[in-house]
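What follows is a short report on a single structure.
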Amino acid sequence: MEREIAFFNAQPQIHFSHDGAFALKASQVFTPTGILRNVYVHISQGRIDVINAVVKSGYVPVDFGDCKLMPGLIDMHIHGHSGADTMDATPKALSIISKGVAMSGVVGFMATTVTAPWEKILMALANVKHVMTSCQQEKSILGAEILGAYVEGPFFTSKNKGAHPEQFFLAPSDNYINDLLEVAGEALKVVALAPEKEGAVDATRLLTSKGIHVAMGHTNATWNQIDACITAGASIGTHLYNGMRGLHHREPGCVGAMLASDDVVAEIIADGIHVHPTVLKLSWKCKGTERLALITDCMCAGGLPDGVYQLGELAVTVKDGIVRTSSGSLAGSTLSLNRAVKSMVQQAGIPELDAVRMASEVPARTLGIDDRLGSIASGKEASLTVMDNDFNVLLTLVRGQQVFSALSETH
């Protein structure tokens, strides 16, 4: 057998590239059939070829030792990172976010807007479309892949508005929906709205007919109003529990409807702040792994120290990593997705494989890209991450190309 390259925690000398052929080994390999021990994941031309107990000829064997080789994580709801925000509406901002989230094992993310003047939202969406088109044409990899745009606001109501300024709220009319479709085109993947908003059900039907996922959030809707939107095609619950009417035994409300529906994938922020660990576990017991997606809802302060930052039109303060508006409302987070997985395992007591799937396979399936992302299986893109046993990220690959590393080579 060829000499294996073993890695330890520092900066690498070997660099993974799209053109290389590697056989990656770790003590734990997270696959759809379970956690496999000490097997080789063969990669060539940016894709996974086969998973074997031995190395095939022509592949460079790389042994990560006592580490976890996982499918790359997918953050389907994130506003910003490293000082940049989707609402900055510049290619540089999206590049900064892309490189920043790769450090947390993320291989793909949804660039998420916030409530702001309508023209600013459209500018942000036009920028997402432009950058995605440029990356596809140039076949370039910035870091984590931009998977599309998630419009969070302005189709909300004042109750449970969170960090969304209500002076910019709008009703989701056909004209506004058509604006979104025209400006963002195929980059538009998710639109969030409050189901009790005038025109919400009709907007849900229109959006879903165009292949756009509808999320329900920042809402005080009753169970009946939520149910009407689900019947019309809404399929995502925006950060479960936060920004919505809670559960009551005589009025199930938003939380009750989303927990009970098999047609809704509920996003959840597992930072121990937005949702108590016990409720994280209860949510998993109720929704199951298949219908619970870990998100960060991270804003531009992700990866940065405490201080005052901008979230859309609002100034927010980060103290001890917690983001709040001047009124004390939570305003996004500084959470990373690898820490969300860690929280689900170590605080909520969720099995490791299930926690990883909720941050990879479930969002990939929800967004309709599980044919290429979200799991370690033959034929899938080699968008992967390596973590140590405390869920610190050591390496991130996007389509077989290294976009982040904290490893060194020894012989």
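The values are calculated or read from the model by the stated rules, or taken from the named source; none is laboratory data. As the structure is a computational prediction, the values presented were derived from the model and not from experiment. Neighbour counts are summed over all protein chains in view; Cβ atoms, including those assigned to glycine, are modelled from backbone coordinates with ideal geometry. What goes into the accessible areas is simple: the full protein's heavy atoms, side chains included, and nothing from ligands, DNA or RNA. Shrake-Rupley method; radii C 1.70, N 1.55, O 1.52, S 1.80 Å.
Structure data summary
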item: In segment 293-318, the residues that are touching a Leu at 6+ places or on another chain (Cβ under 9 Å) and acidic (Asp, Glu); result: 297
item: Out of 234, 257, sole residue that is part of a loop (DSSP other than H, G, I, E, B) and modelled with pLDDT of 95 or more; result: 234
item: Residue selected from segment 284-310 under the condition part of a strand (DSSP E or B) and open to solvent by 10 Å² or more (accessible area, probe 1.4 Å), by the criterion modelled with the lowest pLDDT; result: 310
item: Residues of segment 380-411 that turn out to be out of contact with any helix residue (DSSP H, G or I) (no Cβ under 6 Å at 6 or more places or on another chain), part of a loop (DSSP other than H, G, I, E, B) and farther than 19 Å from residue 42 by Cβ, as a count; result: 6
item: Filter result for the condition that a residue is in a loop (DSSP other than H, G, I, E, B) and surrounded by fewer than 17 Cβ atoms within 10 Å (Cβ to Cβ), over 377, 348; result: 377
item: Residue that is most open to solvent (accessible area, probe 1.4 Å) [pool: residues in segment 147-185 that are among the acidic types (Asp, Glu), in contact (Cβ under 8 Å) with a residue 24 or more places away in the chain and under 17 Å from residue 124 (Cα atoms)]; result: 179
item: Per-region count, segment 160-213, residues outside any helix (DSSP H, G or I) and closer than 28 Å to residue 333 by Cα; result: 22
item: Residue tally, condition more than 23 Å from residue 171 (Cα to Cα) and not in a strand (DSSP E or B), over segment 139-159; result: 6
item: Residue list for segment 186-229, filter: farther than 18 Å from residue 151 by Cα and either basic (Lys, Arg) or open to solvent by less than 20 Å² (accessible area, probe 1.4 Å) (or both); result: 221, 226
item: Residue list for segment 20-46, restricted to those being touching a residue at least 24 places away in the same chain (Cβ under 8 Å) and closer than 16 Å to residue 398 by Cα; result: 20, 21, 22, 23, 24, 41, 43, 44, 45, 46
item: Residue list for segment 315-329, filter: surrounded by fewer than 20 Cβ atoms within 10 Å (Cβ to Cβ), within 25 Å of residue 89 (Cβ to Cβ) and at pLDDT below 90; result: 315, 325, 326, 329
item: Residues of segment 50-78 that turn out to be open to solvent by less than 10 Å² (accessible area, probe 1.4 Å) and not in a strand (DSSP E or B), as a count; result: 2
item: Any hit, segment 239-246, residues being of a type outside the set (Ser, Thr, Tyr) and touching a Phe, Trp or Tyr at 6+ places or on another chain (Cβ under 6 Å); result: no
item: Residue selected from segment 120-146 under the condition among the small types (Gly, Ala, Ser), open to solvent by 20 Å² or more (accessible area, probe 1.4 Å) and in contact (Cβ under 8 Å) with a residue 12 or more places away in the chain, by the criterion nearest to residue 382 (Cα to Cα); result: 134
item: Unmet requirement for residue 266, which otherwise passes all of (1) open to solvent by less than 10 Å² (accessible area, probe 1.4 Å); (2) outside any strand (DSSP E or B); result: (2)
